[in-house]
Amino acid sequence: MKKYNPKQIESKWQKYWEAKKVYNTKEAENNYMLLTEFPYPSGNLHIGHWYAFALPDILARYLRMTGKNVMYPIGFDAFGLPAENAAIKNNIHPETWTKKNITYMTKQLKSMGATFDWSREVQTIDPDYYKWTQWMFLKFYEKGWVYRAATKVNWCPNDKTVLANEQVVDGRCDRCDSEVIQKELTQWMFKITEFADDLAGGLKDLDWQETAKLGQLNWIGRSEGAKIKFKLTDIPGQKDGRHFVDAFTTRADTLFGVTAVVISPELAQKWIDVGWRASEEVKEYVKKSLTKRELERQETAEKTGIDAGIFAVNPINDEKIPVWVADYVLGHYGTGAVMFVPAHDQRDYEFAKKYSLLIKTVVEPVAIEKNLTNEAYVGPGILANSGKYNGVESEDAKKKITEELKLSGFGDFQRTYRLHDWVLSRQRYWGVPIPMVNCLKCGYQPAPEKDLPIKLPSLEDFKPADDGRSPLAKATKWLKVKCPKCEGEAERETDTMDTFVDSSWYFMRYTDPKNKKEFASKEKMAKWLPVPMYIGGAEHTTMHLLYARFFAKALQKLGHVDFLEPFIGRRNRGIILGPDHQKMSKSRGNVVDPDIEVKKYGADAVRMYLAFMGPYEQGGPWSPGGIIGVYRFLSRVWNVFNFAKDVVLPSAKNIVLHKTIKKIGEDIQNMRFNTGVSELMKLLNELESYQLPVSVQKTFLQLLAPFAPHMTEEVWINVMKNKNSIHLEKWPKYDPKLIIEEKVALVVQVNGKTRDVIKASGSLSEEEVRKLALASDKIKKHLVGKDVKKFIYVPGRLINLVI
RNA sequence: GCCGCCGUGGUGGAAUUUGGUAUACACGAUCGACUUAAAAUCGAUUGCCGCAAGGCAUGUCGGUUCAAAUCCGACCGGCGGCACCA
C-alpha cells in the first residue's frame, strides 16, 4: 500500500477534470451562480486568495452534488494603478505586466483544484468587455446620470499629477515626497445620489449579514430634516444676487435658539465669485481655509471662523442675526450652511464659547440626568423661549415649525444624504477610456455607439502629460477626432474610468461572456441572475457593493435587466492573519505562501485546514502547526480506504453516520466549514477501528469530496474502481428515522448542577421520569434530608430538582 | 467622538441560531509502545484546586431565571468601519 502523497495525485486530477470539462456550465433547470469577487492580477496568489476561492468551492461542490447546476465563475479585474506603478518602476508596459500576471495567477488558481468555469472567464481589460463598460456609460449619459462637476483632488505639484488617497503618505507624495495640495478639477460624475432612496430601501429583503446592510445604510446616511431659508440683509454691491441662504437642519425645533448663520468657506467663495464684496480679512480667511487639505481641516480639532460682516433674518421671529464663515461647516454636505444653535449642538457650542457668541436655550430636558457644564443639550425635550411653541414636545415641534415655514415659503421638509455622487474620472493611463469627445464649438459630446470600443492606445510613456493632463493626452494621433455633432475638429476625452466601474457589472457578463451584440442577452441573464450568493471581503461592503447595486438599478430602469437587486445573498469572509495574530505583511515577515504549503502538504490539506481553522465569516490566525492535523487526517483516510471489506456496520455506528450526513450538509450550507471538518474527523474516529462495508466507505468519501477533491477522486477511481468522477455523485441522503433515537440521554440536575445522566425514552410522562430520577443513587445522595420544592422537566433534555 | 463586532484551556476553536451535560474537533505538551536511534505512526493523560468526595472556572461587577458562555445593565480590554454629516 502506497503512502498518501498528494504531489503524485493532485495535478493529475486537475488535468483530468479540465480535459473532461467537468465544471463548464450550460444553462439547465437548477441554475445557481456562486459568485466570488474576481481577483486583481497583482502577480502572486497569497493565502487570502485561497481563502476567498477554495472555501466557497466547498460550497460549490456540495451544491452541485445536491442537484444544483452550479456556475463557479472566475475572471480578472485587471485595470488599475499598480500596473502603472510597476510599469514606471520596472520599465515594462502595464499591459505586458498585467497579462504576465494573469497567466501566472491562472496557473496558481488551477492548483487549488477548484471548480472554476474557465470557459466563461472575463477580463476587464479585454476590449470586448470594456466596450460594454463604455456603452453603459453612454446609456447613463443619455439619461442624465452622468455629469461634470468640480471636485477636489490630491495634487502633487512636482509630478504634476493627481494622486489617489493611498498615494498620499502623511500629506506627501509617495513618489517624490513633495507636499500634496488640494486642487479643483472638473471631473465626470455618476449621479448615484438619485438612487439613494432605492439603494437604502432595497436592502430590506436581502439575505445579507446585518452588519453589511447597516454599513450600507450608514454610508448612504439618509437624514430627515428641514431646509430653512434665511433672508440676508446688508449685502453691499448686490442688487439681485444672493439674497437668501438655505440651511439644512434635523432640529427645526431649535429654530428660536438660532443666534447666527454659519456658512462653509466653499459657499463663501461662491458668493465672492458672484460679487459679494467681503472684507479683505474674510477673503483672506476663505482663501486660507480652502487651500488647507480636507484631511488637515478635519484633524485639527480647533474650529476657526470669522464674522462675515453681514446679517441674516430668522424667518420664525424676524430676529436679525450675524453671518459667520467657519471651516467646521462642510461645503459638500446639506446646503453648505448651518443655522447656529449653540445651546443644542456641541460643535456650535464650542464655537460660541471661542468667539463669545450668544447662547440661547430653547429646549428643556424633561428630566435632568446630569449637570450640563461645558456642553450643549442635544437630547429631546420641551420647548421654551419659543413664542407660541413653548411647552410643545421637540419631536412635535419639528413638524409644526417646518409646516409653518412651508406656508410662508421659508422652509420645507428635506431629506439629505451623506452619500456623494460618484467621481468616476481618473487621470491615469491604465483604465477604460471615457467615451466622450470634446469639441471647441459644441462642448462635450458622447462618442457615437458605432465607434465602441474606444480602444486604449498603446503608449510608450504613460506618465502624466506635462500640463498635468492624463497620460492619454500624449497619444496625439488617437486624440484627434471629428466632432460627432458638427464634424469639426475635436479631441477625445483623456480621462479613464475608475476601476470600480469595470467591476460593477462583471457578474452579468459571466452569463453570456462571448456575446458580441449585447453586454449579455436578457434571456441568459434571466437564467442565472440575480446572484443567489455572493461571497467576498468586508472591505467591499460600501463601495463595490453599492456601485454594483447602482448599476443594476440603473440598467433595470433602462430596461436592460429584469431585477432590482443583483445580489440576493451576500456573506463577508474573515481575514487570515499571520501566525502572530497580525495582518500579514512583508515588512512583518509573517506572510504565509500557499505555494510552499501546497508543496509540503498538498492542495487538499491547505483547503481543508483553511476550512478547519475557524468560522469563515471570522477568519483568524494561520497557525503553522495546525495544518499537520488535517494532513494526518487525510493520511488516515487514505490508509483506511485503500482496501474494501464486505461486512455490516453495527447499527449504533450507522446512526452516527446518518447524523453526520445531516450535520455536514447543514454546516456547508451555513458556511460553517470548520465544524463540518470536525464532524468528518469525529466520524473517522468513530469508524476507523471497524471493518467498513463498501457502501459506508463510499458515503464517507462523498462527504469528504467537497473538502478534499483530489484525494477522494484518487481513491474513488483508482482504489474503489468507480468509472466516473466522485464529483458527479449525488450527496448522500440520511434516513430521518434513524436519527430519532429511541432512548435519549436525560440530564438530571439538582439545583441546576448536573448530578447524573439517565437513559430514558423520549416519550415518558413527567411522573414516570420523576420516578426514574429519584431512583438514581447519585441523585439520592444529594437529596438526603431535603424536600424537592420544584420539579422541572424539559422532555428530551433534562430534569432539574430544586431543593 | 459615533456606529458595529468580539472577549471560552498553553494555542486555533466547539456549544450563542433555540438559555438546559461548558471546553467537541484539532494543535501543542507529558508519559508509554515500536526503533540501535531519530522521524513517522500508534496508545494514554491533559481547564484549575483536591488522594478522594467535592469545589471553582467562559474579561470584570451586577440583574433576570429552576437554570446564563448564551438574555439585560454598567465597566474593562481588543478589532473593524466612519470621522466636525448640522
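The values are calculated or read from the model by the stated rules, or taken from the named source; none is laboratory data. Just so it is clear, the model here is predicted, and its values are computed rather than measured. Don't worry about glycine lacking a Cβ; one is built from the backbone with ideal geometry, like all the others, and counts go over all protein chains shown. When the accessible area is computed, the model is the full protein with side chains, heavy atoms only, and any ligands, DNA or RNA have been set aside. Shrake-Rupley method; radii C 1.70, N 1.55, O 1.52, S 1.80 Å.
Okay, here's what the table says:
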{"quantity": "Largest to smallest principal axis extent of the C-alpha atoms in chain A, angstrom", "calculated": "103, 85, 49"}
{"quantity": "Helix axis angle, A:81-90 relative to chain A longest principal axis, alpha carbon, degrees", "calculated": "90 degrees"}
{"quantity": "For peptides A:456-463, A:76-83, sequence by mean Cβ density within 10 Å, most packed first", "calculated": "A:76-83, A:456-463"}
{"quantity": "Span per principal axis, largest first, for the Cα atoms of segment A:23-77 (Å)", "calculated": "37, 19, 14"}
{"quantity": "For segment A:315-328, 3J(HN,Hα) per residue [Karplus equation, 6.51 cos²θ - 1.76 cosθ + 1.60, θ = phi - 60°, Hz, x = Gly/Pro]", "calculated": "x, 8, 9, 6, 5, 8, 10, x, 10, 10, 10, 8, 7, 7"}
{"quantity": "Rounded to 10°, Cα long-axis angle of helix A:47-65 versus longest principal axis of chain A", "calculated": "60 degrees"}
{"quantity": "Apportionment of accessible area to carbon and sulfur, segment A:704-770, percent (1.4 Å)", "calculated": "50 percent"}
{"quantity": "Chain A, dipole about Cα centre (Lys/Arg Cβ +1, Asp/Glu Cβ -1), debye to the nearest 20", "calculated": "2860 debye"}
{"quantity": "Nearest-0.05 FRET efficiency for A:Glu27 and A:Ser678, computed from C-beta distance (R0 35 Å)", "calculated": "0.40"}
{"quantity": "Förster radius 45 Å - calculated FRET efficiency between A:Asn670 and A:Lys12, Cβ distance, rounded to 0.05", "calculated": "0.85"}
{"quantity": "Ranked by how many other beta carbons lie within 10 Å on average, peptides A:218-227, A:531-540, A:765-774 from highest", "calculated": "A:531-540, A:218-227, A:765-774"}
{"quantity": "Solvent-accessible heavy-atom area per residue, rounded to whole Å², over chain A at 1.4 Å", "calculated": "47 Å²"}
{"quantity": "Accessible carbon and sulfur surface of segment A:4-129 relative to its total accessible area, %, 1.4 Å", "calculated": "49 percent"}
{"quantity": "Two-site label geometry, A:Asn438 and A:Asp177: point separation in nm, points 7 Å out along Cα→Cβ", "calculated": "3.4 nm"}
{"quantity": "Per-residue ³J(HN,Hα) for segment A:513-528, Karplus 6.51 cos²θ - 1.76 cosθ + 1.60, θ = phi - 60°, Hz, x for Gly and Pro", "calculated": "x, 9, 4, 9, 9, 9, 5, 5, 6, 4, 5, 5, 4, 4, 6, 10"}
{"quantity": "Virtual spin-label span in nm between A:Val274 and A:Glu302, 7 Å along Cα→Cβ", "calculated": "3.4 nm"}
{"quantity": "Relative packing of peptides A:328-341, A:12-25 - highest average C-beta neighbours within 10 Å first", "calculated": "A:328-341, A:12-25"}
{"quantity": "Three principal axis lengths of segment A:471-552 [C-alpha, angstrom, descending]", "calculated": "49, 32, 20"}
{"quantity": "Compactness of segment A:86-153 as Cα Rg over 2.2 N^0.38 Å, two decimals", "calculated": "1.62"}
{"quantity": "Accessible surface of segment A:589-655, 1.4 Å probe, proportion on carbon and sulfur as whole %", "calculated": "57 percent"}
{"quantity": "Across A:Lys26/A:Lys450; A:Lys303/A:Lys360; A:Lys191/A:Lys517; A:Lys283/A:Lys320; A:Lys143/A:Lys213, pairs whose alpha-carbon gap is larger than 25 Å", "calculated": "A:Lys26/A:Lys450; A:Lys191/A:Lys517; A:Lys143/A:Lys213"}
{"quantity": "Ellipticity estimate at 222 nm from DSSP helix runs (n ≥ 4, -39,500 (n - 2.57)) divided over chain A, nearest 500", "calculated": "-10500 deg cm²/dmol"}
{"quantity": "J(HN,Hα) series, segment A:587-595, from Karplus relation 6.51 cos²θ - 1.76 cosθ + 1.60, nearest Hz, glycine and proline x", "calculated": "5, 7, x, 10, 7, 9, 8, x, 4"}
{"quantity": "Largest-first ellipsoid semi-axes for segment A:1-46, taking √(5λ) over the Cα gyration tensor eigenvalues, angstrom", "calculated": "28, 21, 10"}
{"quantity": "Net +/- balance of residues flanking A:Leu479 in space, Cβ distance below 11 Å, scoring K and R +1, D and E -1", "calculated": "+2"}
{"quantity": "Fully extended contour minus Cα-Cα distance, from A:Glu518 to A:Ala652, at 0.36 nm per residue", "calculated": "42.3 nm"}
